[in-house]
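**Q** Shown below is the structure under consideration.
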Amino acid sequence: MRREIPLAITGIVGVVFVVQYFIPHFPFSRMNDWFSDWFSIVQACAIWLGALNLLKISAQKIAARKSDWIYSIVIVACFFLIVIIGFIEGESFRGQGTAFSWLYDYVYTPLSATMFAILAFFVASASYRAFRARNFEATLLLGAAFFVMLGRVPVGDMLTAFLPDGYRLSALASWVMNFPQAAGQRAIMIGIALGIVSTSLRIILGIERSHLGGE
Amino acid sequence: MRSRSSISPGWTLLLVTTLLVCIVAAPTFGQMPDDGVITFEDTVQVMVAAPTSLIATDHKYDDGEKIDLQWVPSIDDLPGIGTVVGYRIYRQDDGGVAEVIANLPAKANHYRDENTELGHTYIYSVAALTDGAEFMSNLTESISPEREWIDFSKRYLFLIALLVGGAVIYFIEIARRGKKLFVRKIAGLEAVDDAVGRATEMGRPILFIPGIQDMDDVQTLAGLTILGRISKTIADYDTEIFMPVSRSLVMTAGREIIKSSYQTAGRPEKYSDNMVTYITDEQFGYVAAVDGIMVREKPATVFLLGAFFAESLILAETGNYIGAIQIAGTARPAQLPFFIAACDFTLIGEELFAASAYLSEDPKALGSLKGQDVGKAVAMVIIVVGVLAATMGQAWDISSMNSLVDILKTIFSTS
């Protein structure tokens, strides 16, 4: 029963959700909203599982003085700091001038932006590897990337200023992006859509059970 | 002696004052005041024609909550002249007082009232607005919204879904009867056993990252179904797995999957809840933590299977930097190039969804992949027919080809 009940719920809800997409009549018209609300409620309750797990693991690390346990102290301290400030400031904790928003704007956001900024360097190193002309396909990729990148900056058009308007590098870059690139991406999208249909049917029919464990 | 034709000073003063008033008032014609409020005192009224042919119709295929309005704009609503500054929609609910329900810009000729109630009767009118006056259209017939059971505007989508779904179920049934089906090899999935074996030989852990979305995302679900297969191999090989997650529900699902795999492998004592840990819901906080784990623990194998966004390359490049063998898969086309550049194997789009069936070698699951191929074959045929028809229709102006293109557009249009 531990597996049959989730499978039955998945099957019934799956079928109902497919059906509701084609039926505008109440109660089908509201089902999407209801299920979204229910999911949000479950999600909000489940966040405590995650938060408590994080605290538990950090506390274990501190107690056992495992390697880098000092960072666990930072996690626990930051967790309680933000939770306590949020509770003290009440409903308006997100308002301007609150300590919570100060921490968010001047601590969290810069840290987050720093992580995001690392992407610039990773793009460079990944591009270096991807664009090495090892075989025909990689050389093709290198050529396309070269012209697209050059076509996206003003110097591309400056270098090809002697050509008529529609034949400059910016036009070539747009053509590569709008036709070969878009065609390839749409082919992938069609495959993804069919893959989702197939996976959904496997789950609804109970053929796919590995997400429940033990299969 | 006074001339007979001369004008008295009183009349002269009146004329000058009138002229001054006209000069001062002239720039205000056709302009909205700065504060956006029309005041009758500040402006000069301009007569314009009212909108005409106002029609209210029940919105088709809804739950009785929408009514569509259409009208012909005022003939004075002309480009560049600007005497009509907008339109105002009035509604009478069950014979009550007419209330303003919307203000629209100039040139508007339709509106959808999405706040109607079943059983109520509505009468509408539309007013053309100038700077300070309203010119009302005729009233509509009274109308009540109606609800429908079937949305026939989605009929083609329903037929396509029926075709693809039917093909999937048909091939599942064929496979169930024992017919052998050919499924092409997927390099990334062929490498799973080797990747797990490598970690076992090196005595280093395996890192599994199921993306940063929750359980309501089909990519996360696909990632977890693959985890179900991989964790069995991991439990058989008695290798260590670590799965940091960014969603609590994914944590509980992941734990359940890995725990079951260890039980199936006959090693329940080897399982620990610490194998799956929640980090944070915040995207870059999660990335920072996972990058730290990668650099400190140096896993031999990294699986990146699920929904990824900007963090995809940060994670994959860090994995590449520590020398881990990486198998990635996502259904987000924008992130695929990053995985292809930084990982050893990448499951492209549909391969992510096929992975679980492929790894399980269950005939029924493999049958579903065959059904998926039918959908692809149909899509290919339609694309070729559509491209040929559009090309021939435009190049030689063949009306039948143009009609065929229109039919295909109607069938496959998503809007």
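**Q** Name the residues in region B:44-88 that are within 30 Å of B:GLU117 (Cβ to Cβ) and of a type in the set (Ser, Thr, Tyr), would you?
**A** Listed by number, the residues that qualify are B:THR52, B:SER53, B:THR57, B:TYR61, B:TYR87.
**Q** Just need a number here: residues in region B:129-166 that are under 35 Å from the mean Cα position of the chain (by Cα) and either within 10 Å of chain A (Cβ to nearest Cβ) or not in a loop (DSSP other than H, G, I, E, B) (or both).
**A** 21
**Q** Could I ask something else about it? For the list (1) in a helix (DSSP H, G or I); (2) facing another protein chain (nearest Cβ under 9 Å), I need the number of the one condition that B:ALA199 fails.
**A** Going through the list (1) in a helix (DSSP H, G or I); (2) facing another protein chain (nearest Cβ under 9 Å), B:ALA199 breaks only (2).
**Q** Which residue out of B:ILE258, B:ILE230 is more than 7 Å from chain A (Cβ to nearest Cβ), buried (at least 22 other Cβ atoms within 10 Å of the Cβ) and farther than 19 Å from A:ARG3 by Cβ?
**A** Checking each option against the conditions leaves just B:ILE230.
**Q** Here's another thing I want to ask about it. Could you check how many residues of region A:20-41 are farther than 15 Å from B:ASP217 by Cα, within 9 Å of chain B (Cβ to nearest Cβ) and part of a helix (DSSP H, G or I)?
**A** 5
**Q** Can you find a residue in region A:91-112 that is within 14 Å of chain B (Cβ to nearest Cβ) and among the polar types (S, T, N, Q)?
**A** Checked region A:91-112: at least one residue is within 14 Å of chain B (Cβ to nearest Cβ) and among the polar types (S, T, N, Q).
Okay, residues lined up against (1) within 28 Å of A:ALA59 (Cα to Cα); (2) part of a helix (DSSP H, G or I); (3) touching a Lys or Arg at 6+ places or on another chain (Cβ under 8 Å):
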{"site": "A:CYS78", "(1), (2), (3)": "yes, yes, no"}
{"site": "A:GLY95", "(1), (2), (3)": "no, no, no"}
{"site": "A:LEU111", "(1), (2), (3)": "yes, yes, no"}
{"site": "A:ALA120", "(1), (2), (3)": "no, yes, no"}
{"site": "A:THR139", "(1), (2), (3)": "no, yes, no"}
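**Q** Next up: State yes or no: is B:VAL97 modelled with pLDDT under 95 and surrounded by fewer than 16 Cβ atoms within 10 Å (Cβ to Cβ)?
**A** Judged against the criteria, B:VAL97 is a match.
**Q** Now for a different question. Given the criterion surrounded by fewer than 12 Cβ atoms within 10 Å (Cβ to Cβ), under 29 Å from the mean Cα position of the chain (by Cα) and hydroxyl-bearing (Ser, Thr, Tyr), identify the matching residue among B:SER400, B:SER413.
**A** Residue meeting the stated conditions: B:SER413.
**Q** Moving on. Exactly one of (1) more than 19 Å from B:LEU366 (Cβ to Cβ); (2) more than 29 Å from the chain's Cα centre (by Cα); (3) crowded, with 23+ Cβ neighbours inside 10 Å; (4) not hydroxyl-bearing (Ser, Thr, Tyr) is unmet by B:GLY223. Its number?
**A** (2)
**Q** Return the only residue of B:PHE338, B:PHE303, B:PHE308 being farther than 21 Å from B:LEU224 by Cβ and buried (at least 24 other Cβ atoms within 10 Å of the Cβ).
**A** B:PHE338
**Q** Can you go through A:ALA59, A:ALA8 and tell me which one is surrounded by 12 or more Cβ atoms within 10 Å (Cβ to Cβ), within 25 Å of B:MET275 (Cβ to Cβ) and more than 10 Å from chain B (Cβ to nearest Cβ)?
**A** Just one listed residue meets the conditions, A:ALA59.
Rundown of residues vs (1) of a type outside the set (A, V, I, L, M, F, W, C); (2) closer than 20 Å to B:MET251 by Cα; (3) facing chain A (nearest Cβ under 10 Å), yes/no style:
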residue	(1), (2), (3)
B:LYS270	yes, yes, no
B:VAL276	no, yes, yes
B:VAL302	no, yes, no
B:PHE308	no, yes, no
B:SER312	yes, yes, yes
B:ALA331	no, no, yes
B:ASP362	yes, no, yes
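**Q** What's the number of the only condition in (1) crowded, with 19+ Cβ neighbours inside 10 Å; (2) within 14 Å of chain A (Cβ to nearest Cβ); (3) hydrophobic (A, V, I, L, M, F, W, C); (4) within 22 Å of B:GLU269 (Cα to Cα) that B:LEU207 fails to meet?
**A** It fails just one condition, (2).
**Q** Restricting to region B:73-93, count the residues that are over 18 Å from B:LEU54 (Cα atoms) and either at pLDDT 95 or above or out of contact with any strand residue (DSSP E or B) (no Cβ under 8 Å at 6 or more places or on another chain) (or both).
**A** Going through region B:73-93 one residue at a time, the tally reaches 6.
**Q** Separate question: In region B:347-357, which residues are surrounded by fewer than 24 Cβ atoms within 10 Å (Cβ to Cβ) and more than 7 Å from every other protein chain (Cβ to nearest Cβ)?
**A** B:GLU351
**Q** Residue check: is A:TYR71 within 14 Å of chain B (Cβ to nearest Cβ), surrounded by fewer than 16 Cβ atoms within 10 Å (Cβ to Cβ), in a helix (DSSP H, G or I) and aromatic (Phe, Trp, Tyr)?
**A** yes
**Q** Answer yes or no: is there a residue in region A:184-204 that is outside any helix (DSSP H, G or I) and either in contact with a His (Cβ under 7 Å, 6 or more places away or on another chain) or aliphatic (A, V, I, L, M) (or both).
**A** no
The values are calculated or read from the model by the stated rules, or taken from the named source; none is laboratory data. All of these numbers come straight from a predicted model, not from anything done at the bench. Positions of Cβ are backbone-derived with ideal geometry, glycine not excepted, and every protein chain shown enters the neighbour counts.
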